[in-house]
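One structure is given below, encoded as structure tokens.
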Amino acid sequence: MCVFCGSSSGTQPEYAEAAVELGKALVQRGYGLVYGGGSVGLMGRVSKAVFESGGNVVGVIPTALEPKEISGESVGEVVVVKDMHERKALMATKSEAFVAMPGGFGTLEELFEVITWHQLGYHDKLVGLLNTGGYFDQLLSFIDHSVEQGFISPNARKILRSAATPAELLDAMEQDIVNGASAGINLDGS
């Protein structure tokens, strides 16, 4: 499972708590972690939680971000790549699904790129949004507004699954797998 999240922990303790909870839940359900490779912020929290729970961790970090996002000891395998394009491509290749947690522009860019790739048919992997403490409420409202205004098809809107807790999100994503929802989304709007 690829997790996109902040290299910061944010202002609310519940974000860090959710990162730890998600990391533990991934291992309990038999998933490994692919993430941005940092040891700070939410990235550090989720990776350490997976690693300390006995899960497989693969971090992918561009050379330019190493001094900014790695402070202290990284866990698991860390793959250093040339740039952000190579990072995102490798993370996508190594992952079977994607989850975005609270984060900034980088997290949003990664999230929207995998949604766009899905919409274009480049992959049929599930995409989830962990809406801890309502962090993404306004973004979800904007996406729904875009549907209402005819810029996102109602069917493409179904690509993004969201939930407030790690357990609820993983349950929903696993149910989508059982139902074949990801591969069954018809992106032409019908």
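Every number in this text was worked out from the coordinates using simple rules, so none of it is lab data. All of these numbers come straight from a predicted model, not from anything done at the bench. Positions of Cβ are backbone-derived with ideal geometry, glycine not excepted, and every protein chain shown enters the neighbour counts.
What nm distance separates the two modelled labels at residue 109 and residue 157, each placed 7 Å from Cα along Cα→Cβ?
Between residue 109 and residue 157, the simple spin-label model gives 2.8 nm.
Can you give me the angle between helix 166-179 and the longest principal axis of the chain, using Cα atoms only, in degrees from 0 to 90, rounded to the nearest 10?
50 degrees
As an exercise, identify the chymotrypsin sites (Phe, Trp or Tyr not before Pro) in the range 107-154 lying in DSSP coil whose Cβ has no more than 14 other Cβ atoms within 10 Å.
122, 151
Two-decimal Rg/Rh of the chain from alpha-carbon positions, Kirkwood Rh?
A ratio of 0.95.
Which of the lysines could a cross-linker span from residue 94 if the Cα-Cα distance has to be under 18 Å and same-chain partners fewer than 8 positions apart are dropped?
Those lysines meeting the cut-off are 82, 125.
Provide, in order from the shortest bin, the percent of all Cα-Cα pairs of the range 1-110 in each 5 Å bin, continuing until the bin that contains the maximum pair distance.
3, 14, 26, 28, 20, 8, 1
Kindly provide the Kirkwood hydrodynamic radius of the range 78-187 in Å, to one decimal, from all pairs of distinct alpha carbon atoms.
Computed over Cα pairs of the range 78-187, the Kirkwood hydrodynamic radius comes out at 14.7 Å.
Under the rule that an exposed site lies in a DSSP loop and has at most 14 other Cβ atoms within 10 Å, name the longest stretch of the chain with no GluC sites (Glu not before Pro) of that kind, not counting the sites themselves.
It works out to 97-190.
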